[in-house]
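Reading through the structure tokens given below for one structure.
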């Protein structure tokens, strides 16, 4: 899964945050806010720290060649899960799924072989070239998918968002048709920062949402118009999906409708399509970004085909826990994904193992290091601490989706989720990036803990990329559970901001999702340990309190939580 981490450090004053007044879901009265920002914390267990040595041991093992890149369905998965179980037992952690540390995740792998061309017919007809003009894949488990002269319908941004009084599908019949939609949100094209969330991407701007909504509307296919700035990455990234396999949760026995075909087209292709329909694409884009937009048929049909190879198999989430001493039914979930890309194309050094040290052996090692710190406290937390390492994040957040739909602790009893994905591999920084600012009251706690360590939190400099919706915490957020996600800072303690940014840019350009994302001489562990200390402290404050952090006004997840907590 693509995660763009180009962060600029912009200090956030604690004064930007409103006072935290969390309430219990069992009543409307204020609870003990001893752990809110500025309040004195009640004495609890002895002070411990997440040790760099423990983290280095764990991340070195998880990112070793012996783990074979930790791809689901592989021998690397078996080795990874065996290692996690062995280390959990050594730490004295309890199994988190009944008597087992494992949660079975049934999945299906669909390997698509699209036709090399797509034919479009209308007043002006054209033939599009696969890979160059479009990238498509099969979503259904049929071996042969045929799209024959299906009508093309423009549905704007493909969004149905009642809270914004927005419905691109209103009055539009797309059943068994192919919808063409735009990436990102209408707010991305507006100078009004209060329209949607301005250039900050909401969940509705994510391409995954658009495919889900097209299916809900009964469309046979969905083509998203790619735009580099709005998507946050170039079309070359999309092209990596050509003729590859995709994993999905196994929906056998469930009445789940999926589009037969999903994919992307380039902006130049969209311009040709709209011109063939007698329309100007840029004019239609601007029209779609304004209230009152109505979608319309393009008076064009398209035809293509795909062959699909289908394989059913099972992967596993790993779950360990420390049972709470006072309120064991209430849980705080630390999460990270254990999977990476396995063994693939060799690089210039003849290395074909995609070790995924930063992405995300670092987060899974962080789970163990934080769990070790909790065990070293000498006192059990009041609430249960869950350490969840999920599968198939790289395939579309599938393991965390399965857990969210099949939790070991119900959503009504899950206090918060603290997610770790791609920890700092290049040295200690003064800042830590807060992704998704303005979402929940967990931000106040993080800000105060950072201040205690003489650190500060920085804004996500690229909010239009929608990073808050691109890692495993998102599936908790969708269920209404307040979720915290942090990223790498750049204000390097020794080298400063400019050099720190160069280190991050180098990682993004030359290390991320490549075989050289491994533990080597350039891989530093002190920065990750410092960030883990902050996340440990946030979890500890929740663990020894009765605070229920809330979503903030304006968060798209607030109404979800409010609805079921009010019952």
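The values are calculated or read from the model by the stated rules, or taken from the named source; none is laboratory data. This structure is a prediction, so every number in the text was calculated from the model and none was measured. Cβ coordinates were reconstructed from backbone atoms using ideal geometry, including for glycine residues, and neighbour counts include every protein chain displayed.
Return the pairs, sorted by first residue and then second, in which the second residue is buried (at least 23 other Cβ atoms within 10 Å of the Cβ) and part of a helix (DSSP H, G or I), the first residue lies in region 346-362 and is assigned by TED's automatic domain parsing to the domain that holds residue 62, the beta carbons are less than 6 Å apart, and the residues are 6+ apart or on different chains. Correct list of pairs: 361/59; 361/62; 362/59; 362/528. Of the residues examined, residue 467 is one that is more than 21 Å from residue 537 (Cβ to Cβ), in contact (Cβ under 8 Å) with a residue 40 or more places away in the chain and surrounded by 24 or more Cβ atoms within 10 Å (Cβ to Cβ).
When the residues of region 335-372 are filtered to those that are in a strand (DSSP E or B) and crowded, with 24+ Cβ neighbours inside 10 Å, the one that is modelled with the lowest pLDDT is 354. If you filter region 200-250 down to residues that are in a loop (DSSP other than H, G, I, E, B) and free of Cβ contacts under 8 Å to residues at least 40 places away in the same chain, you find that the one that is nearest to residue 460 (Cα to Cα) is 234. Within region 536-563, the set of residues being touching a helix residue (DSSP H, G or I) at 6+ places or on another chain (Cβ under 8 Å), in a helix (DSSP H, G or I) and modelled with pLDDT under 95 comprises 559, 560. Within the set 172, 211, 182, the sole residue that is under 27 Å from residue 278 (Cβ atoms), touching a strand residue (DSSP E or B) at 6+ places or on another chain (Cβ under 9 Å), modelled with pLDDT of 95 or more and surrounded by fewer than 24 Cβ atoms within 10 Å (Cβ to Cβ) turns out to be 172. Within region 109-144, the residues that satisfy the criterion of being within 17 Å of residue 221 (Cβ to Cβ), part of a strand (DSSP E or B) and within 29 Å of the chain's Cα centre (by Cα) are 110, 112, 113, 114, 130, 134, 135, 136, 137, 138. Checking the stated criteria, residue 427 turns out not to satisfy the condition of being part of a loop (DSSP other than H, G, I, E, B), free of Cβ contacts under 8 Å to residues at least 60 places away in the same chain, under 29 Å from residue 232 (Cα atoms) and not assigned by TED's automatic domain parsing to the domain that holds residue 183. Evaluating residue 264 against the criteria (1) touching a strand residue (DSSP E or B) at 6+ places or on another chain (Cβ under 7 Å); (2) part of a loop (DSSP other than H, G, I, E, B); (3) at pLDDT 90 or above; (4) under 26 Å from residue 188 (Cα atoms) leaves one unmet condition, (2).
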